Amino acid sequence: MTANDESKTRNTKRRDFLRTLGTALGGLALYALPGAVRSAHAAAAGLKIGIIGSGRIGGTLGALWLKAGHEVMFSSRHLENDQALATRLGGKARAGTPKQAAAFGEVLLFAVPYGALPALGRGLAAEIKGKPIIDACNPFVGRDGEIAKWAREKGAGLASAELLPGAHLVRAFNAIGYARLPDAAERKADERIGMPMAGDDPNAIALASRLVRDIGFEPVVIGPLAMGRYLIPGTPLAGEHTPEEIRKIAAGLN
């Protein structure tokens, strides 16, 4: 099989996946949720979100989700910092250990250095089993060393799934800087920035899509978790793009 044939096969499989995903989600659009679902999500009860890693990304997203009406438990290696953050944010914010946050959340956000994932996967195995996880962790060779090289070769989505076995991963929030995240909430609906996502589990994708939309972005599913290799800084999908731009970029990825 030639390289061109392999590329066509991968693109066909991706289109088939998106078509199946749309059916599994009850007729939702392949790349983004329609307006009727947006209204239903807006009226839905808040979720319990456990955050593992409450630094720049985790702390920023947690604060935005609190404003959107969700309950958030922050956790990291420094409980005192998480307690101070929860006190400052108030409302439905709380703090705990990573094990407590993983048990608390209906959906989890992992936003830690990539090198921390193996130990977290082992230590939280019981708590994360069967749960949807938004994977915002990026492998940087300069910071994370050999595990980052391995993850980039394997693809960040599949690598994270191997390190967090039993969970239902969705890669998102990987290629937009944390300082830009609060700006999205100020945009009008027709000016929303797209948030590229990749995952295999329809229920996890639906929950992640809701949380993406709740803070002002438009979720754009680019394909199964294997496509998570493109959801890291430095790829064509990095930075801010409209939903249509993301669709066009994703269609050209092999």
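Taking (1) farther than 17 Å from P132 by Cα; (2) touching a helix residue (DSSP H, G or I) at 6+ places or on another chain (Cβ under 8 Å) in turn, I205 satisfies each apart from (1).
Residues that are surrounded by fewer than 21 Cβ atoms within 10 Å (Cβ to Cβ), at pLDDT 95 or above, among the basic types (K, R) and more than 17 Å from G62 (Cα to Cα) occur at least once in segment 105-123.
Taking the residues in segment 146-172 that are touching a strand residue (DSSP E or B) at 6+ places or on another chain (Cβ under 8 Å) and assigned to a loop (DSSP other than H, G, I, E, B) as candidates, determine which candidate is farthest from A206 (Cα to Cα).
Applying the first criterion (touching a strand residue (DSSP E or B) at 6+ places or on another chain (Cβ under 8 Å)) to segment 146-172 yields 156-157, 160-161, 164, 167-172.
Applying the additional criterion that residues be assigned to a loop (DSSP other than H, G, I, E, B) yields 164, 167, 172.
Values: L164: 20, A167: 15, A172: 12 Å.
Among those residues, the one meeting the criterion is L164.
There is no residue in segment 231-253 that is within 14 Å of P132 (Cα to Cα), of a type outside the set (G, A, S) and either open to solvent by 10 Å² or more (accessible area, probe 1.4 Å) or in a loop (DSSP other than H, G, I, E, B) (or both).
At pLDDT 95 or above and crowded, with 24+ Cβ neighbours inside 10 Å: is that true of V170 in this structure? Give the derivation first.
Values: at pLDDT 95 or above: yes; crowded, with 24+ Cβ neighbours inside 10 Å: yes.
Yes; evaluated as a whole, the condition is true for this residue.
Annotation note: Cβ proximity below 7 Å between a residue of segment 117-131 that is under 13 Å from S160 (Cβ atoms) and a residue that is among the β-branched types (V, I, T) and not in a helix (DSSP H, G or I) (sequence gap 6+ or interchain) occurs for L120/I52; L120/V112. Could you list, in sequence order, all residues of segment 187-200 that are open to solvent by 40 Å² or more (accessible area, probe 1.4 Å) and closer than 22 Å to P132 by Cβ? Selection gives D200 alone.
When restricted to residues that are out of contact with any Cys (no Cβ under 7 Å at 6 or more places or on another chain) and open to solvent by less than 30 Å² (accessible area, probe 1.4 Å), segment 145-162 contains 7. Here A175, A184 are screened, and the one residue that is part of a helix (DSSP H, G or I), in contact with a Leu (Cβ under 9 Å, 6 or more places away or on another chain), open to solvent by less than 40 Å² (accessible area, probe 1.4 Å) and at pLDDT below 95 is A184.
What residue, of K131, K48, is closer than 28 Å to A159 by Cα and open to solvent by 60 Å² or more (accessible area, probe 1.4 Å)?
Working: K131 fails: open to solvent by 60 Å² or more (accessible area, probe 1.4 Å).
After applying the criteria, what remains is K48.
The values are calculated or read from the model by the stated rules, or taken from the named source; none is laboratory data. Quick caveat, the model's predicted, so the values are computed rather than measured. Every residue, glycine among them, receives a Cβ derived from its backbone with ideal geometry; neighbour counts consider all protein chains shown. SASA here: full protein model, heavy atoms, side chains in, ligands and nucleic acids out. Shrake-Rupley method; radii C 1.70, N 1.55, O 1.52, S 1.80 Å.
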